[in-house]
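What follows is one structure encoded as structure tokens, with my remarks underneath.
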Amino acid sequence: MSINATLIAQLIVFLILVWFTMKFIWPPIVKALDERAQKIADGLSAADKAKSELAAANKRVEEQLSAARNDSAQRLADAERLAQSMVEEAKTRASEEGAKIVAAAKAEAEQESIKAREALREQVAALAVKGAEAILRKEVNAGVHADLLNRLKAEL
């Protein structure tokens, strides 16, 4: 193998090509690769940030759901207590009304009993007068003896 001018010319052209590539072609390629690596790193960072934000959002949603469940349970318990108190109040009113009705019925029965006694007294007084008239066989003046009959009625 002989070293001639062709080999030296090829070596000079190759070195110019290497220099040209290193000076003008290699820096944009390295820059593009660095930018691509930075974009990938930024994307991974954004994905991690989004993942942490999603976890935080899920936690907030879970807390809000828990609070809503607790609130609804509290409202349901309040409604049940209100309904129970309304039922108790209605029972109390019904008992009071029943007691009033029973008292009114007792008073009415007492009035009827008093009226029946009065009627019975009058009948007994009339029978006593008839009996006395029959025994005495003489005329009894009811106007003269009204006081006597009223005392007899009161004693009966």
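Tell me, please, whether a residue that is more than 30 Å from Lys153 (Cβ to Cβ) and either in contact with a helix residue (DSSP H, G or I) (Cβ under 7 Å, 6 or more places away or on another chain) or surrounded by fewer than 10 Cβ atoms within 10 Å (Cβ to Cβ) (or both) can be found in the stretch 30-45. There is no residue in the stretch 30-45 that is more than 30 Å from Lys153 (Cβ to Cβ) and either in contact with a helix residue (DSSP H, G or I) (Cβ under 7 Å, 6 or more places away or on another chain) or surrounded by fewer than 10 Cβ atoms within 10 Å (Cβ to Cβ) (or both). If only one of Ile16, Ile3, Ile25 is among the hydrophobic types (A, V, I, L, M, F, W, C), surrounded by fewer than 10 Cβ atoms within 10 Å (Cβ to Cβ) and without any contact (Cβ under 8 Å) to a residue 12 or more places away in the chain, which one is it? Going through Ile16, Ile3, Ile25 in turn, the sole match is Ile3.
For (1) open to solvent by 60 Å² or more (accessible area, probe 1.4 Å); (2) over 24 Å from Glu155 (Cβ atoms); (3) assigned to a helix (DSSP H, G or I), each residue gets a yes or a no:
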{"residue": "Glu88", "(1), (2), (3)": "yes, yes, yes"}
{"residue": "Arg93", "(1), (2), (3)": "yes, yes, yes"}
{"residue": "Glu97", "(1), (2), (3)": "yes, yes, yes"}
{"residue": "Lys100", "(1), (2), (3)": "yes, yes, yes"}
{"residue": "Glu118", "(1), (2), (3)": "yes, no, yes"}
{"residue": "Ala125", "(1), (2), (3)": "no, no, yes"}
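The values are calculated or read from the model by the stated rules, or taken from the named source; none is laboratory data. None of these values were measured; they are calculated from a predicted model. Cβ atoms come from the backbone with ideal geometry, glycine included; neighbour counts cover every protein chain shown. Heavy atoms of the whole protein, side chains included, go into the accessibility calculation; ligands, DNA and RNA do not. Shrake-Rupley method; radii C 1.70, N 1.55, O 1.52, S 1.80 Å.
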